[in-house]
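Reviewing the structure listed below.
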Amino acid sequence: MQKIAYLCLSAVLSTSVIGGCSQGKGIEKVQAKEVEKTQSGEVKKVEAQKKVGKYTMPDEKGKHEGTWLQWPHEFTYGKGYQREVEPIWVEMTQALSAGEKVHIVAYDEEEKERILELLTYEGVNMGQIDFFISPTDDVWARDTGPIFVYDQDKNLKILEPGFNGWGKKTPYKKDALLRENLSKQLGVERIDWRKFVLEGGAMELDGNGSALLTRSAVTNKNRNAKLSEKDIETYISELGVTNFIWLDGVPNLEITDFHIDGFAKFYDRSTIITLNKKDLAEWGTPDKDINKLLQAKDAAGNKYKYVYLPLSKNNVTLESGKQLDYKGSYINYYIANGVVLVPNYNDPNDKIANEMIQKLYPDRKVVGIDVRELYKNGGMIHCVTQQQPINLK
């Protein structure tokens, strides 16, 4: 498949398959079995992480203080763009605010007042909403928003890698300054990684010493020309990572150079959520990467278990009736307090994927959100959200 020209402009903290509805039901049975194994403790336990890093990146499933959203505006792509995608932000805010704060980045004070009026009209609990003013270029909070970690004294800090517009493909200067602006407003210290360019959607962690990445989106010379792979691993090892699962990826297939969070993520320390071989190939994943991903081992040398989610049954069709030439992924979901936000495509497999994900997270409510108008521009739910963990002190 020709993956989106912009796939997941924003797709780090820490899934897709199917050629038809009947196949999806078969996959669902396999999925339930894998979940049962995981929940019953039958899955082989991995050893505790031996090396503790300077910083800890909390799992997305952990307790959130809130979620960050960069609100869509008209100043980069016009009012039409804002009008098309803004309903998605309203739906996300409504769902998220039931269980946590929603931190909205507004372009300026005038935009803040407009958003406030809109959300009030939509019946959102405004006691759960707060605003931060910072000019942005776009909406991709996963890649440009604040990445929160704990230091060894349990202080909350913001990790600040460099951002250069996905390998200098876009002149996004405002987004490159966003973490600095927000850290000043929050009074939270930044960890300076600016010499290392890394987008949030380019890396997944299992919380037990392993990282899943693509070279095309991380070691690529359009981002880190002055850093070797070993240099990059030295940075990431500060998060306690000792086991690097490098896929080669595909440079220039789309703007992100093949972010990992569109097609794979960790469910837990022993399980990877991804696509089956057929769908990985349709996603554009090279054969070598497919084999490496499906044979990956954790930091203790144990093979991972796998759970497979479906792609949409059909190529995505927009509300206008225009058909895109690619299918949609459900792996790019976002886990929040009490809910899991899942990208939907007005497709028969939405129901299948939602039910499969619900079984993965029985203590949370799955909320399917129609992302078609966002997807045509390159992103899904995980791409536009960023979690803030609770303060431990």
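Computed quantities for the displayed model
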item: Qualifying residues in the stretch 307-356 (those that are of a type in the set (D, E) and not in a loop (DSSP other than H, G, I, E, B)) - the one surrounded by the fewest Cβ atoms within 10 Å (Cβ to Cβ); result: E355
item: Residues that are part of a loop (DSSP other than H, G, I, E, B) and not small (G, A, S), drawn from the stretch 57-74; result: M57, P58, D59, E60, K61, K63, W71, P72, H73, E74
item: The stretch 75-117, subset in a helix (DSSP H, G or I) and of a type in the set (F, W, Y), residue surrounded by the fewest Cβ atoms within 10 Å (Cβ to Cβ); result: Y81
item: Top-ranked residue in the stretch 329-370 [being under 14 Å from the mean Cα position of the chain (by Cα) and of a type in the set (V, I, T); ranked as nearest to T274 (Cα to Cα)]; result: I331
item: Qualifying positions in the stretch 284-330 - in contact with a Phe, Trp or Tyr (Cβ under 7 Å, 6 or more places away or on another chain) and farther than 25 Å from L360 by Cβ; result: N315
item: Helices (runs of 4 or more DSSP H) (entirely within the stretch 139-190) containing at least 1 residues that are surrounded by fewer than 19 Cβ atoms within 10 Å (Cβ to Cβ); result: 165-168, 173-176, 178-186
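Okay, residues lined up against (1) under 14 Å from M203 (Cα atoms); (2) in a loop (DSSP other than H, G, I, E, B):
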{"position": "Y235", "(1), (2)": "yes, no"}
{"position": "E254", "(1), (2)": "no, yes"}
{"position": "F258", "(1), (2)": "yes, yes"}
{"position": "F266", "(1), (2)": "yes, no"}
{"position": "L280", "(1), (2)": "no, no"}
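None of the figures in this text is laboratory data; all of them are computed from the coordinates on show. Everything numeric in this text was worked out from a predicted model, so none of it was measured. Note that each Cβ is placed from the backbone with ideal geometry, even for glycine, and that neighbours are counted across all protein chains shown.
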